[in-house]
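Colleague: Here's a structure for you.
The values are calculated or read from the model by the stated rules, or taken from the named source; none is laboratory data. Owing to the predicted nature of the structure, the values given are computational and were not obtained by experimental measurement. Cβ atoms come from the backbone with ideal geometry, glycine included; neighbour counts cover every protein chain shown. Areas reflect the complete protein model, heavy atoms only, side chains present, ligands, DNA and RNA absent. Shrake-Rupley method; radii C 1.70, N 1.55, O 1.52, S 1.80 Å.
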Amino acid sequence: MNKNDLRFIKTEENIVASFLKILEKEDFSVITITEICQLARCSRNTFYLHYQTKDELMNNIVNEVLLHLSDELDNRVTNIGQIDFQVTDLYIKGIIESVKRDLNTLKILVLKDLGQFRNQYADTINETFIKNAGKISGKSDTEEYYLITAYLSHAITGFIFYWIQSSNLTLEEAEVVLLKQHSAAIEASLYFLKN
């Protein structure tokens, strides 16, 4: 079957939506392919045209969320001297945009997470920081830099996960808070990288 065929795409979207709806109520370990197929109104054979296992389905969903995050964090500058408040603002808006794009999926993944997804999310931010820093600074291959990127990536992840789990702030309000907090952290990090 052609993966670009509209019927194939719609069926895949239906399988994903059905799986997420079930995951919202049940633990991953007890979800069955039969249950997913019943809600998606497709046969097991149709499911297997898209995914070999429910683990593959879950990994696909997680990878798509992480890809969107990584894309939004893509480097916006070519040298360290270009990083200022406006660039930091664009960078924060990118993070918030990735959250907004995948908000419903993120809510389910965060609320069902036992730590693995949190680590994957922070690792994606961290790896993107390291990749991008190599393009703009000569200090990207030092222990100090790795500590700074780990700190920043886990701080952002903690902020986003706490906001999803516990905060009553709107996404726009959370963006303002993140920008205020993260700007100070970026400024301190830039001081280190420039000196």
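Colleague: May I ask you to list the residues in region 1-52 that are assigned to a loop (DSSP other than H, G, I, E, B) and open to solvent by 60 Å² or more (accessible area, probe 1.4 Å)?
Modeller: MET1, ASN2, LYS3, ASN4, ASP27, THR32, ARG41, GLN52
Colleague: Return yes or no: is ILE9 at pLDDT below 95 and within 30 Å of ILE130 (Cα to Cα)?
Modeller: no
Colleague: Between a residue in region 7-22 that is in contact (Cβ under 8 Å) with a residue 60 or more places away in the chain and any residue that is open to solvent by less than 60 Å² (accessible area, probe 1.4 Å) and part of a helix (DSSP H, G or I), which pairs come within a Cβ distance under 9 Å, given they are 6 or more apart or on different chains?
Modeller: If the second residue must be open to solvent by less than 60 Å² (accessible area, probe 1.4 Å) and part of a helix (DSSP H, G or I), the pairs left are LEU20/ILE61; LEU20/THR105; LEU20/ILE108; LEU20/LEU109.
Colleague: How do the pairs read when you match residues in region 96-125 that are modelled with pLDDT under 95 and among the aliphatic types (A, V, I, L, M) with residues anywhere that are buried (at least 16 other Cβ atoms within 10 Å of the Cβ) and assigned to a loop (DSSP other than H, G, I, E, B), using Cβ under 6 Å and keeping only pairs 6 or more apart or on different chains?
Modeller: none
Colleague: Sticking with this one: Among the residues of region 53-65, write down those that are open to solvent by 30 Å² or more (accessible area, probe 1.4 Å) and among the aliphatic types (A, V, I, L, M).
Modeller: MET58
Colleague: Looking only at region 143-170, count every residue that is farther than 19 Å from GLU187 by Cβ and open to solvent by 40 Å² or more (accessible area, probe 1.4 Å) and tell me the total.
Modeller: 8
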